[in-house]
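*Asks:* Quick one: this structure, given as structure tokens, is what I'll be asking you about.
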Amino acid sequence: MCMVLSMYVGYPSRFEAYGAVKIYELSKVQVLLGVGGSSKPGLYGIANFDEFIRTAESTAIVVPTRDEDPMVLEGVLRAVPIYSPLIVVSASTQKPLNVYGMEMDIAKTLYRVTGRPTIVIHQRDPVLADILKDSIPNIIDEDGLIHYGKGEALLIATLVADGIGVENIGFIDADNYIPGAVTEYTLIYYTVLRMAESDYKMVRVSWGYKAYGSVEFYLRKTGKASQIVNSVLNKVLSFRRRIETEIIKTSNSGEHAMSMKLAKELTYAGGYAVETQELVSILEMCYIDVDTGRCPSLPHSIEIYQVESRNPHIHSEKGETHVVEMIIDSLSTIYHSKLGSDSKSRSHMISILRELAYESEPPLPQVYRYPDINARAFMDRLLSESRLCVAYGL
């Protein structure tokens, strides 16, 4: 028997099919790090260390950040296994205090220690805006720069990942106070992406517990935004199928990963709507419009896995207003999509918004198609012309 170190994730026991989209029920991390044979009944783990390294090296890990505590950000970056290329997309201030300069120094120091390929990009870099203004014109704001926003950062990072030629891309929020949780998320990515059979695959993490790093410390199973948006997505799918479902558990999952083949087919939303929009985009292409041939995975399916983590997710508290904004942004992507276009779905979403004291229809989301550009040429130009973008080990 070959002895290995491996995370073991439970096989999901069922999935629901929506057109060419298979959404697997929530499974759990059963063993964070096990020592034993290459297989366990009902569990999946990467069979050997060489296979683990190959998967990690082909998976870029992205950390979007904006004025995060440098110590917290450093903990997140150090927790990512050294085999994965690291992409940091920052919208942090440069004056009066140069927070972005500190972030670049953290990345440089970690590279000197680990030798891991690392790229640090500033979201408001004029060179970046100049490169993308023709291919994604609506991503440029009135200042002639890339819009602030998490969704914009994830789209930029996906272009970078495409440019360096990785097979998969994973995202991790920068405000995580528990480095061990970050390591767990990356191991979930590697394990499930290796387990999945489709070339078009995604894994989304559901936090086992979450809490704010504040005086009133309390571990909750789910946050308000996730509860509401999960319920709305499930209700919309139930109306479509005329069978009630609760399959969606990760509508607002900041921690998620997917194959680059899938990432390049998605429509991205600006700001905090991006995680919900990913699901909406997939369901529009491969469920609502599956008969039109738009679905890139045909004749096969897109696989969406959902995994509950073991570590609690503890992060900074941004206030009730931030939570409500997340809900409104997320619901806007459903409301203005083909998926949620029926009267029952829209009425349900309007009633939810009224309960949040929001009296209008949700605003039109800012959405971006993945651009048809040469990603390698994009990277070469950015690295050669920008004074704000740095790359180590490439």
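Bear in mind these aren't lab numbers, they're just calculated from the coordinates by the rules spelled out. Here the structure is a predicted model, which is why all the values come from computation and not from measurement. Every residue, glycine as well, gets a Cβ built from its backbone with ideal geometry; the counts of neighbours run over all protein chains shown.
*Asks:* Under a 5 Å amide H to amide H cut-off, with H placed in plane at 1.01 Å, what residues pair with S27 once short-range neighbours are removed?
*Replies:* Result for S27 returns Q306, V307, E308.
*Asks:* Over all directions, how big on average is the projection of the convex hull of the alpha-carbon atoms in the chain, in square nanometres?
*Replies:* Working: hull surface 79.4 nm².
Taking a quarter of the hull surface, the average projection is 19.9 nm².
*Asks:* Students often check this: by mean Cβ neighbours within 10 Å, which of 93-105, 172-184 ranks highest, and how do the rest follow? Could you put the intermediate results ahead of the total?
*Replies:* Working: 93-105: 14.8, 172-184: 20.7.
Going by the mean number of other Cβ atoms within 10 Å, highest first, we get 172-184, 93-105.
*Asks:* Sticking with this structure for a sec: Subtract the Cα-Cα distance of V113 and K344 from 0.36 nm times their separation in residues, and report this length gain in nm to one decimal.
*Replies:* Gain on extension, V113 to K344, equals 77.6 nm.
*Asks:* Using a 10 Å cut-off on Cβ atoms, rank the peptides 289-295, 111-117 from the highest mean neighbour count down.
*Replies:* 111-117, 289-295
*Asks:* Take K40 and E385, extend 7 Å from each Cα along the Cα→Cβ direction, and tell me the distance between the two endpoints in nm.
*Replies:* The two pseudo-label positions are separated by 5.1 nm.
*Asks:* Could you work out the Kirkwood radius for segment 249-380, taking every pair of different alpha carbons, averaging 1/r and inverting it, reported in Å?
*Replies:* 16.7
*Asks:* Okay, next question. Calculate one ³J(HN,Hα) per residue across segment 74-89 by plugging θ = phi - 60° into the Karplus curve 6.51 cos²θ - 1.76 cosθ + 1.60, and present them in order as whole Hz with x for glycine and proline.
*Replies:* 4, x, 5, 5, 5, 7, 6, x, 5, 7, 8, x, 10, 10, 10, 10
*Asks:* Please compute the length gained on full extension between Y209 and S135, using 0.36 nm multiplied by the number of residues separating them and subtracting their Cα-Cα distance.
*Replies:* Taking Y209 through S135 to full extension adds about 22.6 nm, to one decimal.
*Asks:* For segment 255-328, what does the equivalent ellipsoid look like in terms of its semi-axes, each the square root of 5 times an eigenvalue of the Cα gyration tensor, given largest first in whole Å? Write down the numbers at each step before the final one.
*Replies:* On the way: eigenvalues 165, 53, 19 Å².
The answer is 29, 16, 10 Å, longest axis first.
*Asks:* Continuing with the same structure: For segment 11-81, list log₁₀ I(q)/I(0) at each q in 0.16, 0.17, 0.20 Å⁻¹, using the Debye formula over Cα point scatterers of equal strength and ignoring solvent, two decimals each.
*Replies:* Here the Debye-derived log intensity ratios amount to -0.92, -0.98, -1.05.
*Asks:* For A17 and T292 in the same chain, what is the full-extension length gain: residue separation times 0.36 nm, less their Cα-Cα distance, in nm?
*Replies:* Value of the extension gain: 97.2 nm.
*Asks:* Roughly how many nanometres apart are two label points built 7 Å out from the Cα toward the Cβ at V31 and T93?
*Replies:* Label-label distance for V31 and T93, simple model: 4.9 nm.
*Asks:* If R0 is 45 Å, what FRET efficiency do you get for E197 and E142 from their C-beta distance, rounded to 0.05?
*Replies:* With a Förster radius of 45 Å, E is 0.45.
*Asks:* Let me ask something else. Nearest 5 percent is fine: what portion of the DSSP beta bridges confined to segment 4-392 is antiparallel?
*Replies:* Of the beta bridges lying entirely in segment 4-392, close to 50 percent run antiparallel.
*Asks:* Also, quick follow-up: Check which residues have an amide H placed less than 5 Å from D67's amide H, if you skip close sequence neighbours.
*Replies:* Those qualifying (amide H under 5 Å, at least 5 residues apart or on another chain) are A91, S92, T93.
*Asks:* Once phi is turned into θ = phi - 60°, what whole-Hz ³J(HN,Hα) does the Karplus curve with 6.51, -1.76 and 1.60 give for every residue of segment 262-274, x standing for Gly and Pro?
*Replies:* Calculated HN-Hα couplings, in order: 6, 4, 7, 9, 7, 9, 9, 10, x, x, 8, 7, 5 Hz.
*Asks:* Check which residues have an amide H placed less than 5 Å from M7's amide H, if you skip close sequence neighbours.
*Replies:* Amide H to amide H, under 5 Å and 5 or more residues apart or across chains, M7 pairs with G34, I46.
*Asks:* While we're here: Within 10 Å, count the other beta carbons around each residue, average over each peptide in 122-133, 304-315, 233-244, and list them highest first.
*Replies:* Details: 122-133: 20.2, 304-315: 21.7, 233-244: 16.9.
Result, highest mean first: 304-315, 122-133, 233-244.
*Asks:* Using θ = phi - 60° and the Karplus relation 6.51 cos²θ - 1.76 cosθ + 1.60, list the HN-Hα couplings for segment 177-191 in order, rounded to whole Hz, with x at every Gly or Pro.
*Replies:* 7, 10, x, x, 5, 4, 4, 4, 4, 5, 5, 4, 4, 4, 5
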